[in-house]
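Structure first, then comments.
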Amino acid sequence: MTMILEVNDLHVQFNRPEGTVHAVNGVTFQVQAGEWIGVLGESGSGKSVSLLSILKLLGDSANIPQGQARFAEHDLLTMSERKLRRLRGKDIGIIFQNLANGLDPLMRIGQQVIEPMLEHNICTKREAKRRAIALLAEMGLSDPESQFNRYPFELSGGMRQRVMMAVALACNPKLLIADEPTTALDTTVSVQVLSTLREACERRNMTTIMVTHDLGVAANVCDRVLVMYGGMIMEDAEIDGFIKHPAHPYTLGLKASIFSLKHRDIPLKPIAGSAKTWWLKPLGCPFAERCPFAIEKCWKVHPDMVKLSEQHEVACHRSQEMSTLVG
Amino acid sequence: MLDEPLLSLASVDKYFRIGSRRLHAVRNVSFTLSRGQTLGVVGESGSGKSTLGRCAIGLLTPESGRIQFDGVDIHQLTKRALRQKRKDMQIIFQDPIAALNLRTTVGQNIEDPLIVHRLGNRSERSRRVFELLDSVGLDRAHAEAFPYELSGGQQQRVMIARALSVRPKLVVCDEVLSALDMSVQAQIMLLLQDLQKEHHLSYVFISHSLSAVGYLSDFIAVMYLGQVVEYGPTETLLDRPRHPYTVTLFQSVLEIPDSKAHRSTLETLKGEIPSPLQLRVGCAFSSRCPWAQEICRLQPPAMTELGEGHQVACHFTE
């Protein structure tokens, strides 16, 4: 297996008039070529920020005081903007969360799919149009030739998401970053979109990192899941281990917060409290104040990743006793 | 009189005019809701569930049909009488920031309905505000805060406190969980359940989340293009769904599987909900139904009773 992305001790902060927000506080992970990784967390957990920041997509208010990010042979954080522009959209495709802003409202959708191919000098205009139509068809747009000249506002949310996927895949990227690709969609449409995306990725043997807040989505499509909280990775697990033996109290809490229609006898047990904005860097474990198992050490000492098995790591001081604590 | 349902809708229809065209948002909907119970309304966007909720409490006037609330036909009431009746029926919306008054404090927001309905003097009202903050799990100190200083979950708690301030009998909850984080959604679900028991409330719980509807409801109505296609007690509907739309909708819910081998195949309905501006003659679902026959395209199916309150609108209920 070859490593395609390696992020090491990444920190991201936002400078606000009120102070500094510590959005990502030391994130380390590796992505192997061909993997489908899910980054799971609630709002403010730093899941989108850790991915968008390494592509310098967050503007000037985001500040990266520390960390490395390597994509193939490139060092993303020290690269010039000019070189980075040659990677973004070409080797790394991105599907943005916001359906309203992800597409240019004044440009015909076909043109938006062609644009990255021309920008990166991949092919001629005529060839780009041919590819764009094929791509829109692959993404499930019926009658792509006539849809080609439409504007985004003429399409439904589901169709716009499919166009956005076509834009992201236009240059056949090696790595695809999908930021909450199904969040704004209806239940059935969201399953359609996931299925189309998975097929497209498998066909291209593309590596995918999908940011999601939906445990069900992550559990059903990803090969591996990174669970984030307070700008840190709490658990990093291969999917079977994630499903069968979730180990971090936060992951367990998330699971217990979802009412299962299949197992309706299992009572709902939400995590107390809510996520907060980190105006100060968390001293110990960021989850300590909501954790039912927190001990004094959790408040004071930052938990390191502990290996539970070959493909399962957890950042919890009490990981060894967790199975007895949960009962 | 106590056995009489709190809310009953009979053949309710609601159109909106869009230019010269007519958008039929709610079509021939009937249901009853007993005191202390929850009716879950589930459907995808554009299915008419919010319009139905607004009609049910008189925020929108239906074109035809009858809405009986607590023994009176609410659309026969004078404006003044309806306004008084509103005390008994409240609504909570999806986005608290759009619904709360951001220029006044949380306490003032909760107190406002009491002033509108002339309930209590100043000191009684402020006592009531504290009592409400306690019951929705907020600090009394939050009364002095402004809505935007609170988290999304806390804001939704303020909305609940405000809706309950006038001691309603019915609360319509319109997508109250969708803007919240998963762990907070569960907190709000438990809160709604506790408050229901404590105050003997009835809820119309509108949501696109089957899981939330399945948890909170006694009865479920599944909507598609303005119509209720299936209705029944929660257990029956979840265990034995009969309408092809309900069946495929349930299959599309991605739950955590028991193992990697049990993951969803991601098979679901093809296409999207068609435009409500161009309705078909036959069954509204026939364009996407995998089992549709000739008759489905020609003739709209009638609601058929299958027993124990389970009703389905499909030509092939066998």
Problem set entry | In region B:137-154, the residues that are crowded, with 16+ Cβ neighbours inside 10 Å, aliphatic (A, V, I, L, M) and either free of Cβ contacts under 8 Å to residues at least 40 places away in the same chain or within 14 Å of chain A (Cβ to nearest Cβ) (or both) | B:Leu138, B:Ala143, B:Leu150
Exercise. Pick from region A:244-256 the residues that are crowded, with 21+ Cβ neighbours inside 10 Å and at the interface with chain B (Cβ under 7 Å from one of its Cβ atoms): which of them is nearest to A:Leu325 (Cα to Cα)?
Worked result: A:Gly253
Problem set entry | Scope region B:275-288; condition touching a Leu at 6+ places or on another chain (Cβ under 6 Å) and within 13 Å of chain A (Cβ to nearest Cβ); matching residues | B:Pro276, B:Arg288
Exercise. When you go through (1) under 16 Å from A:Arg318 (Cα atoms); (2) away from chain B (no Cβ under 12 Å) one by one for A:Phe287, which number turns out not to apply?
Worked result: (2)
Exercise. What's the number of the condition B:Pro113 fails, among (1) part of a loop (DSSP other than H, G, I, E, B); (2) touching a residue at least 24 places away in the same chain (Cβ under 8 Å)?
Worked result: (1)
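When you go through B:Ser252, B:Ser287 one by one, which is the residue that is of a type outside the set (Val, Ile, Thr) and within 22 Å of the chain's Cα centre (by Cα)?
Sole residue among the options that is of a type outside the set (Val, Ile, Thr) and within 22 Å of the chain's Cα centre (by Cα): B:Ser252.
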Problem set entry | Test: residue in region B:184-207 that is under 18 Å from A:Asp186 (Cβ atoms), outside any helix (DSSP H, G or I) and within 12 Å of chain A (Cβ to nearest Cβ) | yes
Seminar exercise, completed: Result of the Cβ filter at 7 Å on region A:287-298, keeping first residues that are under 17 Å from A:Ser257 (Cα atoms) and partners that are in a helix (DSSP H, G or I) and not polar (S, T, N, Q), at least 6 apart or interchain, is A:Phe287/A:Pro249; A:Phe287/A:Tyr250; A:Cys291/A:Pro249; A:Cys291/A:Cys298; A:Pro292/A:Pro249; A:Phe293/A:Pro249; A:Phe293/A:Leu325
Exercise. Of the residues B:Arg128, B:Arg157, B:Arg167, B:Arg118, which single one is assigned to a helix (DSSP H, G or I) and more than 11 Å from every other protein chain (Cβ to nearest Cβ)?
Worked result: B:Arg128
For this session: Starting from region A:79-102, take each residue that is more than 23 Å from A:Arg204 (Cα to Cα) and list its partners that are small (Gly, Ala, Ser), counting only C-beta distances under 7 angstrom and pairs at least six apart or across chains.
Result: A:Leu99/A:Gly157; A:Leu99/A:Ala184
Exercise. Counting only residues that are part of a loop (DSSP other than H, G, I, E, B) and over 24 Å from A:Met1 (Cβ atoms), which one in region A:183-207 is nearest to the other protein chains (Cβ to nearest Cβ)?
Worked result: A:Asp186
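So that you can scan it fast, the table gives a plain yes or no per residue for (1) in contact with a helix residue (DSSP H, G or I) (Cβ under 7 Å, 6 or more places away or on another chain); (2) surrounded by 23 or more Cβ atoms within 10 Å (Cβ to Cβ):
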{"site": "A:Val167", "(1), (2)": "yes, yes"}
{"site": "A:Glu180", "(1), (2)": "no, no"}
{"site": "A:Leu197", "(1), (2)": "yes, yes"}
{"site": "A:Ala200", "(1), (2)": "yes, no"}
Exercise. Counting just the residues of region B:71-97 that are assigned to a loop (DSSP other than H, G, I, E, B) and touching a strand residue (DSSP E or B) at 6+ places or on another chain (Cβ under 8 Å), which one comes out surrounded by the fewest Cβ atoms within 10 Å (Cβ to Cβ)?
Worked result: B:His75
Exercise. Among the listed residues B:Gly282, B:Gly232, which satisfies the condition of being of a type outside the set (Phe, Trp, Tyr) and in contact (Cβ under 8 Å) with a residue 40 or more places away in the chain?
Worked result: B:Gly232
Seminar exercise, completed: Within region B:213-257, residues out of contact with any strand residue (DSSP E or B) (no Cβ under 7 Å at 6 or more places or on another chain), closer than 25 Å to B:Leu190 by Cα and among the charged types (D, E, K, R) come out as B:Glu235, B:Asp239, B:Glu255
Exercise. Which number in (1) among the acidic types (Asp, Glu); (2) within 14 Å of another protein chain (Cβ to nearest Cβ); (3) touching a strand residue (DSSP E or B) at 6+ places or on another chain (Cβ under 8 Å) marks the one condition that B:Glu272 misses?
Worked result: (3)
Exercise. Within the set of pairs 6 or more residues apart or between chains, which connect a residue that is within 12 Å of A:Ile233 (Cβ to Cβ) and more than 14 Å from chain B (Cβ to nearest Cβ) inside region A:41-55 to a residue that is of a type in the set (Val, Ile, Thr) and surrounded by fewer than 24 Cβ atoms within 10 Å (Cβ to Cβ) with Cβ atoms less than 8 Å apart?
Worked result: A:Ser50/A:Val7
Exercise. Which condition number does B:Ser259 fail, the rest of (1) within 14 Å of another protein chain (Cβ to nearest Cβ); (2) closer than 24 Å to A:Asp186 by Cα; (3) surrounded by fewer than 16 Cβ atoms within 10 Å (Cβ to Cβ) being met?
Worked result: (2)
Seminar exercise, completed: Across region A:279-315, the tally of residues that are over 16 Å from A:Thr251 (Cα atoms) and aromatic (Phe, Trp, Tyr) stands at 2
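Among the listed residues B:Val213, B:Val247, B:Val229, B:Val222, which satisfies the condition of being within 11 Å of another protein chain (Cβ to nearest Cβ) and of a type in the set (A, V, I, L, M, F, W, C)?
None of the others qualify; the one that does is B:Val213.
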Problem set entry | Unique match (being over 15 Å from B:Ile188 (Cβ atoms) and in contact with a helix residue (DSSP H, G or I) (Cβ under 9 Å, 6 or more places away or on another chain)) among B:Val158, B:Val171, B:Val129 | B:Val129
For this session: May I ask you to list the residues in region A:1-56 that are of a type in the set (A, V, I, L, M), assigned to a strand (DSSP E or B) and closer than 30 Å to B:Ser178 by Cα?
Result: A:Val12, A:Val21, A:Ala23, A:Val24, A:Val27, A:Ile37, A:Val39, A:Leu40
Problem set entry | Flag if B:Leu191 is closer than 21 Å to B:Gln311 by Cβ and either polar (S, T, N, Q) or in contact (Cβ under 8 Å) with a residue 40 or more places away in the chain (or both) | no
Exercise. Which residue, of A:Asp179, A:Asp143, A:Asp75, is modelled with pLDDT under 95, in contact with a strand residue (DSSP E or B) (Cβ under 8 Å, 6 or more places away or on another chain) and of a type outside the set (Phe, Trp, Tyr)?
Worked result: A:Asp179
Seminar exercise, completed: Per the filter on region B:232-244, residues within 11 Å of chain A (Cβ to nearest Cβ) and surrounded by fewer than 21 Cβ atoms within 10 Å (Cβ to Cβ) are B:Thr234, B:Glu235, B:Leu238, B:Asp239
Seminar exercise, completed: Note: among B:Thr265, B:Thr317, just one is away from chain A (no Cβ under 14 Å), part of a loop (DSSP other than H, G, I, E, B) and either hydroxyl-bearing (Ser, Thr, Tyr) or surrounded by fewer than 16 Cβ atoms within 10 Å (Cβ to Cβ) (or both), namely B:Thr317
Problem set entry | Pair list, Cβ under 8 Å, 6 or more apart: region A:266-281 residue closer than 15 Å to A:Ser45 by Cα and more than 11 Å from chain B (Cβ to nearest Cβ), other residue among the small types (Gly, Ala, Ser) and buried (at least 19 other Cβ atoms within 10 Å of the Cβ) | A:Trp278/A:Ala23; A:Trp278/A:Gly230; A:Trp278/A:Gly231
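The values are calculated or read from the model by the stated rules, or taken from the named source; none is laboratory data. If you're wondering where the values come from, they're calculated on a predicted model, not measured in any experiment. For neighbour counting, all protein chains shown are included, and Cβ atoms are generated from backbone atoms with ideal geometry for every residue, glycine included.
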